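Chemist: I'd like to ask you about the structure that follows.
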Amino acid sequence: MNLSDRRIVVTGGAGFVGSHLCARLAPDNDVLAVDDISNGDPEWLPDSVDLVQGDLTDPDVAAQAITADVDAVFHFAADKNAARDEIDQYRVNNSLTETVLERMDEVGVSNIAFTSSSTVYGEAPRPTPEDYAPLEPISIYGASKLGEESLLSVYANSHDFTAWVYRFANIVGPRLQVGAVIPDFIEKLREDPQTLTILGDGRQEKSYMHVEECIDAMCHVVEHSTDDFNVYNLGTRTTTSVTTIADIVADEMGLDPEYEYTGGDRGWVGDVPRMRLSIEKLSALGYEPEQSSDDAVRQATRELLDG
């Protein structure tokens, strides 16, 4: 699908990734954001993007945002607190997606792009391809994303939808909120420049992708893949460790703190200590990220410090 002269709804559009996508799409499309502002900021939206403020588990909010003249929905709205291990997160995320899909089906809107997560794979061998099975998430967040993917698969295979599913690595950049590792380290070092507490043993190692390359990849997938149900890993070919991220953040802040580790091989219950996605399918589609994980982390750190 060509992303030009379209009417596009971005759920979670005032959030971290959603607001960057709105900014990318707005010059060539009519874009509407939907957000309850629990993890976003209306100030992040371009002036040309209208905002429906509300909770998409409410069918009335979905009806206000998704109308018959919409060409596509980019569905980013989610309870993203991946460190929280509560079954309510599963219910909320699946309810959001169920409400969006039902409204789309009701008014004849059939194109949806969805932000899933590498957490659907659980502790899979690395690098992990999209066709790896069985999918065994170890967190409620991962389980919720896998449940949502299943709903999209049903609509793609039984309701004539076209769905694009993005399984994200760790996405970083401006507007990334405290709770993610880079802004967390920045906040801690501003409070205490001498000591930095690191969850786990610091050897947790994952793939990081800058949000601008993530947006490039998302748009490329929508414009170049044509199956009814399209699943793509979005990440880089490299990984970096939590201790290396601490080194980068400290270096950019001009600090040399002592590290204190909480111990164990993971930061929290449900944390996957090692993750690297295969991006061979994305590469075969014609998109190759330019940055390494370290490059993405360093650029994001500079942007967050400047912001």
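Chemist: Relative contact order of segment 114-167: what whole-number percent is it, with Cα pairs under 8 angstrom and at least 6 residues apart?
Modeler: Averaging sequence separation for qualifying contacts and normalising by length gives 47 percent for segment 114-167.
Chemist: Quick one: among 87, 66, 279, which has the greatest mean-square fluctuation in a GNM of the chain with alpha-carbon springs under 10 angstrom?
Modeler: 87
Chemist: Using label points projected 7 Å from each Cα along Cα→Cβ, tell me how many nm separate residue 260 and residue 2, to one decimal.
Modeler: My value for the distance between the label points is 6.0 nm.
Chemist: With the crude spin-label approximation of a point 7 Å out along Cα→Cβ, what separation in nm comes out for residue 306 versus residue 178?
Modeler: The modelled label-to-label distance comes out at 2.3 nm.
Chemist: What is the angle, in °, between the Cα long axis of helix 181-191 and the longest principal axis of the Cα atoms in the chain? Nearest 10 is fine, range 0 to 90.
Modeler: Taking the Cα atoms of the chain, the angle to 181-191 is about 50 degrees.
Chemist: Roughly what % antiparallel, to the nearest 5, for the DSSP beta bridges in the chain?
Modeler: Of all bridge pairs located within the chain, approximately 5 percent are antiparallel.
Chemist: Let me ask another. Which of the three applies to segment 11-114, rounded, prolate or oblate, going by the alpha-carbon gyration tensor with a ≥ b ≥ c and a/c under 1.5 meaning rounded?
Modeler: Working: a/c = 1.91, a/b = 1.16, b/c = 1.64.
Judged from the Cα gyration tensor, segment 11-114 comes out oblate (a/c at least 1.5, b/c at or above a/b).
Chemist: List the relative contact order of the chain as a percent without decimals, with contacts defined as Cα pairs under 8 Å and 6+ residues apart.
Modeler: Worked out over the chain, it gives 19 percent.
Chemist: Still on this structure: Using per-residue counts of other Cβ atoms within 10 Å, averaged over each peptide, order 68-76, 141-149, 22-30, 47-55 from highest down.
Modeler: 141-149, 68-76, 22-30, 47-55
Chemist: Would you look at the GNM of the chain, springs on alpha carbons closer than 10 Å, and say which of 43, 136, 213 moves the most?
Modeler: Checking each option, the largest mean-square fluctuation is seen for 43.
Chemist: Do you know the relative contact order of segment 1-150, to the nearest whole percent, from alpha carbon pairs under 8 angstrom that are 6+ apart? Don't skip to the end; give the middle numbers.
Modeler: On the way: 272 pairs, mean separation 32.1, N = 150.
Normalised by residue count, the contact order of segment 1-150 is 21 percent.
Chemist: Here is a follow-up. All other residues with a Cβ under 12 Å from the Cβ of residue 211 taken together, and with Lys, Arg as +1 and Asp, Glu as -1, what is their net charge?
Modeler: -2
Chemist: Another question about this same structure. What FRET efficiency do you get for residue 223 and residue 192 if R0 is 35 Å and r is their Cβ-Cβ distance, rounded to the nearest 0.05?
Modeler: Here the calculated transfer efficiency is 0.15.
Chemist: Give the shape of segment 41-100 as rounded, prolate or oblate, defined through the alpha-carbon gyration tensor: a ≥ b ≥ c are the square roots of its eigenvalues, a/c under 1.5 means rounded, and otherwise the shape is prolate if a/b is larger than b/c and oblate if not. Walk me through the intermediate numbers first.
Modeler: On the way: a/c = 2.43, a/b = 1.45, b/c = 1.68.
The shape class here is oblate.
Chemist: Under a crude label model (7 Å from the Cα following the beta-carbon direction), how far is residue 95 from residue 133 in nanometres?
Modeler: Roughly 3.2 nm, to one decimal.
Chemist: Once you've got the GNM for the chain with C-alpha springs shorter than 10 Å, pick whichever of 133, 250, 78 has the biggest mean-square fluctuation.
Modeler: Sorting by GNM fluctuation, first place goes to 133.
Chemist: Ok, one more. Angle check, please: helix 87-107 long axis (alpha carbons) against the longest principal axis of the chain (alpha carbons), in degrees 0 to 90, nearest 10.
Modeler: 30
Chemist: Please determine, in degrees from 0 to 90 and to the nearest 10, the orientation of helix 140-158 with respect to the longest principal axis defined by the Cα atoms of the chain, where the helix direction is its Cα long axis.
Modeler: So the inclination is approximately 30 degrees.
Chemist: Now a separate question. How large is the charge dipole for the chain, taken about the Cα centre, if only the Cβ atoms of Lys, Arg (+1) and Asp, Glu (-1) carry charge, to the nearest 20 debye?
Modeler: The dipole magnitude comes to about 600 debye.
Chemist: Each residue of segment 116-125 in turn: what ³J(HN,Hα) in whole Hz from Karplus with 6.51, -1.76, 1.60 and θ = phi - 60°, glycine and Pro shown as x?
Modeler: Running phi through 6.51 cos²θ - 1.76 cosθ + 1.60 with θ = phi - 60° gives 9, 7, 4, 5, 5, 7, x, 9, 7, x Hz.
Chemist: So, one more: What shape does segment 250-307 take by its C-alpha gyration tensor, where a ≥ b ≥ c are the square roots of the eigenvalues and a/c under 1.5 counts as rounded, a/b above b/c as prolate, and the rest as oblate?
Modeler: oblate
Chemist: If we count every other residue with Cβ under 11 angstrom of residue 278's Cβ, Lys/Arg +1 and Asp/Glu -1, where does the sum land?
Modeler: Charge balance near residue 278 sits at +2.
Where a number appears in this text, it was derived from the coordinates with a stated rule and is not lab data. Everything quoted here is computed from the prediction, not taken from an experiment. We place every Cβ from the backbone using ideal geometry, glycine too, and count neighbours over all the protein chains shown.
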